[in-house]
Structure formats: structure tokens, C-alpha cells
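J.: Questions regarding the structure given below will be posed in turn.
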Amino acid sequence: MATASRTAEPDPETRGVRAFPPGFLWGTATAAYQIEGAADEDGRTPSIWDTYSHTPGRVRNGDTGDTACDHYHLWREDVALMADLGVGAYRFSVSWPRVQPTGRGPASPKGVDFYSRLVDELLDKGIQPVVTLYHWDLPQELEDAGGWPERDTAHRFADYAGLVADALGDRVTTWTTLNEPWCSAFLGYGSGVHAPGRTDQADALRAAHHLNLAHGLGTRALRDRLPTGARTSVTLNLHHVRSLTDGDADRDAARRIDGVANRIFTGPMLRGEYPEDVLRDTAHLTDWSFVRDGDTETIHRPLDFLGVNYYSPTLVSAASGPGSHTADGHGVSDHSPWPGADDVAFHRSPGTTTAMGWAVDPDGLYELLLRVKGDFPELPLVITENGAAFDDYVDPEGRVHDPERISYLHGHLAAVHRAIEAGVDVRGYFLWSLLDNFEWGHGYSKRFGAVYVDYATRRRIPKQSFHWYARVVRDGALPPDPGAGA
Ligand code: FCB
């Protein structure tokens, strides 16, 4: 029987549009030291980043976070920008030395008030606050007492986590213990390109363990105080490591980097043990006796989701002599941030790069998400950072055109969408960053914002990508091509 077959023609308006699942959380992210300024106001004491940035030669152009974007005073304006962007969530970090000066003792009422007002304003605008407790600004006093290589720092962190939970736990429901502990441990204590700028690989491994422990103890402190229904997590900058060839030596180089980049954290946090191969690869540096009985159980606590930060993949091969770690995208130093991997060479991934020199590779994000799903099938994921720096400028009409950033975001959101279609449970995406800000060792020379900041006047100018992202957020969908949302 012949019937008139009518194939539904896709609506030309929606053809090629990628819709994200209902309830997908759209957000944007910042970190305290990068935006707040007001470094010595209201009782705040120096953090390791104040000391480091004030040390000549450490940060490009001698830039510091003393004033940064002056968010400490302009926070209301910044929340209004987020409301214009339409995001449902804002991921920010709490400055430890602002709420607990010196890293010990009671909370500072003025420090707490700042975050309390910020949280109220966000909630008032319908924006969910997502709090990161530690985005690298350790109180200098705790560094003076030994810093992260010292076990007590993990206990200090748990106390601090408790103080913040007591102050904000009635309104903040989503919490992250640490941001990128890999950077804290291995750039801070290994290569020294981040604060506190120390260069001892055994100390870096001790720091990694004590950061893991801080996560476990901090999660327990949060859980003890937060109402049921609150969510706790950690954010890792998981490296998507590829080997240059399929040869055994190159694949082994990739295994080693994967070990000290990723599994040194996911092992204890998500499986309750350090990977055997990581312990073996680093045995010449330390006997790991700083891992005490019960530590891995403390670290291994249920997470409500894992935060994943992704910018660019990592390409490695075996090297015959000491490897070229300075090509790893993490800053130039004579010291490697990769313990136990001295004979690994890092290569520039093919393709275009951002102003950071990082390869633009959305497939890397897709592959990484699938890998995490394969390793931890039940774990929901949130992309807690993704974005790009380009050499943005204000044109004579007062506008900032940033088509490269739009293209970057489009490609990476398409990768997230593809991963969701392939069955990965990705619950949200946070664009890094709301504002141009203090980009650590690069100072103010690298602009990651959806909003341009004129540092001389502190004026904020939403870039073209801001309007593009606002439309994506509004539609809950990605337009077919990068230009279409602008
Ligand atoms: C991440 C950091 C964030 C920002 C981006 C570009 O490693 O978490 O603060 O610097 O890189």
C-alpha cells in the first residue's frame, strides 16, 4: 500500500542547533586573588600569592593582585553583569586570608560579611553560588610554617572549611574543596612557577598528599555542618595526555604523566588508594612515609560530582635525556613539575593556539570526558572551567570583537554536547572567566574574560563573546555555527 511518505523537514530555524538537556547548569567562574584586589583591607593578611607577586622577577611586568579588578568594591556591578549574561550559577572562590587571617583562629566578621553579601545578591538575582574554598591563596603564615608539604596545613584547611560552612552553609548548596591541586603541588613546590615558588620534587609529592588529605578532611568538615542535599566536590585540571606515537616507550611516557597529573589525585579521592605505578615511578624521590594509616580512607569520600577544568591537551614522548618539560604549557623553569618523569619530552599539539600558546583542541575535551566516564561510570561531571585568552582590545567604537574566543567556546561546547550524546553525565559548564583578571605568573597580560576590564579605570566592557554566550545560555542550545549566536 502506497502512502504519501512525509519526512519531517527540520525547521530551518533550528537545523543544526544542539540543545543541552533540561536543567543543564550554565555558569561562569572567577577566583578571589585574580579579581578581588583590596589586598590589605578589612583585616585581610597576605597569601602566598601576595608574597610571590611582590617578589621581583616572579610575575610578568611585576603585576600583583593588590587591586586586580577591584571586585571587592565593584561586586554589585559584577553580579549585575552576570544577571545580564543570564547565567544560572557563579563559581567563585573564598579568600582564606580574608575570612581567617593568618590561617588560624576565628573567622573575621568583615571577611565573612563580604561573601555573605555577595551570596545574598546572587540569590536575589536567581544565580546559584558555587563556592570553591581554595583557589591557591594559602595564608602566608601557613607557608611560613611549612606550607602544603607540612601535614598540619591539611588540618588548618579543614578548620577553615568549617568556618566558611558555618557562615554560608545556610544559603550555599554547592561546594568545592580545592581548585586544581596539581597546580598547587607541582607548580607551587616543583617547578616554582606558581606561589610559593619552591622547587623540590619530594616536597611537591608531600604537598600533593596533604592537598588530598585536605580535600578529605575538608569534605568531612563540610558534611558535618551542611544540610542534607548540599553537594560537595573537588575540581581537577585533568590532563588529556596523548603519546606522540604508538611505540611502547612513548606510551609509557604518557602513562607516567597521566600518573602524576591525574591518577595521583583520582586514585586516593575516587578509589581510596595511590596507584602502584605512581609510587614506583617516584620511589627514588620519596618513600611516601608521609601517607599515614587511614589517610586514603579519609581522602576517599563520596563526591556529588567531579569538577573538570579543561583548556588544552598534553602531548608527550619518551626522551633520551632530560625531557623538555618547559614545553608543557605550564611556564618556564629549570625545574620540572613532573616528578619521576625526567625523561619525558613535551610537544606542542598541532593546530592553532591561544594567546597562552595552548593548542585549541575540542576533541581533547570530548576524549577526556569519555575517558573519565569509562574510569568512573557513576560520577556526574561539571565542566568547572573552560575558556581561552586572546589579545583583545577595545576598538574605536568602544567594542571588543573576539571571534576567536567565540569559535573556541563553540567548539568546546559542541564537544561537551557530543559527550553528553555519547552518554557522559555532564551537568553543567562554567566559562572561564567572567572578567579579564590577574592570570597568575602572566599578570594582566592574558585576557580570559567574557568582559573586558580596563585596568586603569576599572571599567567593564562586555565582549562580543559575552553576548554570544548570553544567547547560548538563554536558548540552552548551541547555534549551528560560531557566528550564529553573536
Ligand atoms: C586554571 C586556573 C584559573 C585560570 C585558568 C586560565 O588553571 O584554575 O585560575 O588561571 O587556568
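The values are calculated or read from the model by the stated rules, or taken from the named source; none is laboratory data. Everything numeric here is computed off the predicted structure, so don't read it as measured data. Virtual Cβ from ideal backbone geometry, glycine too; neighbours counted across all protein chains shown. For the accessible areas, the whole protein counts, side chains as well, though only heavy atoms, and no ligand, DNA or RNA atoms are used. Shrake-Rupley method; radii C 1.70, N 1.55, O 1.52, S 1.80 Å.
J.: Roughly how many whole Å is it from the C-alpha centroid of the stretch 163-201 to that of the stretch 33-84?
T.: Spelled out, the Cα-based centre of one part sits 16 Å from the other.
J.: What list of ³J(HN,Hα) couplings, whole Hz, do you get for the stretch 177-184 from phi and the Karplus terms 6.51, -1.76, 1.60, once you set θ to phi - 60° and write x for glycine and proline?
T.: 5, 10, 9, 6, x, 4, 5, 4
J.: Also: The stretch 397-467 to the stretch 293-315: how many Å between their Cα centroids?
T.: Going from one Cα centre to the other spans 24 Å.
J.: Moving on to the next point. If the cut-off is 15 Å between C-alpha atoms, which aspartates and glutamates fall inside it for K463, apart from same-chain ones fewer than 8 positions away?
T.: Hits, sequence-local ones excluded: D78, D84, D391, D392, D395, E397, D402, E404, D436, D454.
J.: Right, something else. Rounded to the nearest 500, what is the chain's calculated 222 nm mean residue ellipticity when only DSSP H runs of at least 4 contribute -39500 (n - 2.57) each, over all residues? Each step should come with its number before you reach the end.
T.: On the way: 14 runs with 159 residues, N = 486.
Value at 222 nm, helices only: -10000 deg cm²/dmol.
J.: Run through all the Cα pairs of the chain and give the fraction in each 20 Å bin from 0, expressed as whole percent.
T.: Histogram of Cα-Cα distances, whole percents per bin: 24, 60, 15, 1, 0.
J.: For the stretch 318-420, what does the alpha-carbon gyration tensor say about shape, rounded, prolate or oblate, given a ≥ b ≥ c as the root eigenvalues, a/c under 1.5 as rounded, and a/b over b/c as prolate?
T.: Oblate, because a/c is 1.5 or more while a/b does not exceed b/c.
J.: Express the carbon and sulfur contribution to the solvent-accessible surface of the stretch 25-475 as a percent, rounded to the nearest whole number, probe 1.4 angstrom.
T.: Looking at the stretch 25-475 in its full context, I get 47 percent from C and S.
J.: If exposed GluC sites (Glu not before Pro) are those in a DSSP loop with at most 16 other Cβ within 10 Å, what is the longest stretch of the chain that has none? Walk me through the numbers on the way to the answer.
T.: Numbers: sites that count: E13, E41, E273, E378, E397.
It works out to 42-272.
J.: Another question about this same structure. Amide H neighbours of Q128 under 5 Å, counting only residues 5+ apart in sequence or on other chains, H built in-plane at 1.01 Å?
T.: Excluding prolines and chain starts, which carry no amide H, the hits are A89, Y90.
J.: Looking only at trypsin sites (Lys or Arg not before Pro) in DSSP loops with at most 15 other Cβ atoms within 10 Å, what is the longest site-free stretch of the chain?
T.: The longest such stretch corresponds to 172-291.
J.: Sticking with this structure for a sec: Measuring from label point to label point, each 7 Å out along Cα→Cβ, what is the R225 to A484 span in nm?
T.: Label-label distance for R225 and A484, simple model: 4.7 nm.
J.: For the stretch 166-238, what relative contact order do you get, as a whole percent, if you take Cα pairs closer than 8 Å and at least 6 residues apart?
T.: After rounding, I find 43 percent.
J.: Looking at the square roots a ≥ b ≥ c of the eigenvalues of the Cα gyration tensor of the stretch 174-292, which shape do they give, rounded for a/c under 1.5, prolate if a/b is larger than b/c, or oblate?
T.: Working: a/c = 1.87, a/b = 1.57, b/c = 1.19.
Cα axes put the stretch 174-292 in the prolate bin.
J.: What relative contact order, as a whole-number percentage, does the chain give when Cα pairs under 8 Å and 6 or more residues apart are counted?
T.: Over the chain, the number comes to 17 percent.
J.: Additional query: Give me the 1.4 Å probe accessible area per residue for the chain, excluding ligands and nucleic acids, in Å².
T.: Averaged over the residues of the chain, the accessible area is 38 Å².
J.: When N counts the residues of the stretch 70-121, how does its alpha-carbon radius of gyration compare numerically with 2.2 N^0.38 Å, as a ratio? If you can, show how the numbers build up before the last one.
T.: Values: Rg = 12.6 Å, N = 52, 2.2 N^0.38 = 9.9 Å.
Dividing the Cα Rg of the stretch 70-121 by 2.2 N^0.38 Å gives 1.28.
J.: Let me spell out the model: positive unit charges on the Cβ of Lys and Arg, negative unit charges on the Cβ of Asp and Glu, origin at the Cα centre of the chain. What dipole size does that give, in debye rounded to 20? Walk me through the numbers on the way to the answer.
T.: Numbers: 46 positive and 68 negative charges, 175 e Å.
The dipole magnitude comes to about 840 debye.
J.: Next up: Output the peptides 186-197, 61-72 sorted from most to least packed, where packing is the average of other Cβ atoms within 10 Å over each peptide's residues.
T.: Details: 186-197: 25.4, 61-72: 19.7.
Highest mean packing first, the order is 186-197, 61-72.
J.: Picking from G340, A207, P302, whose Cα lies most toward the positive end of the charge dipole for the chain (charges on Cβ: Lys, Arg +1; Asp, Glu -1)?
T.: Checked the options; the winner is P302.
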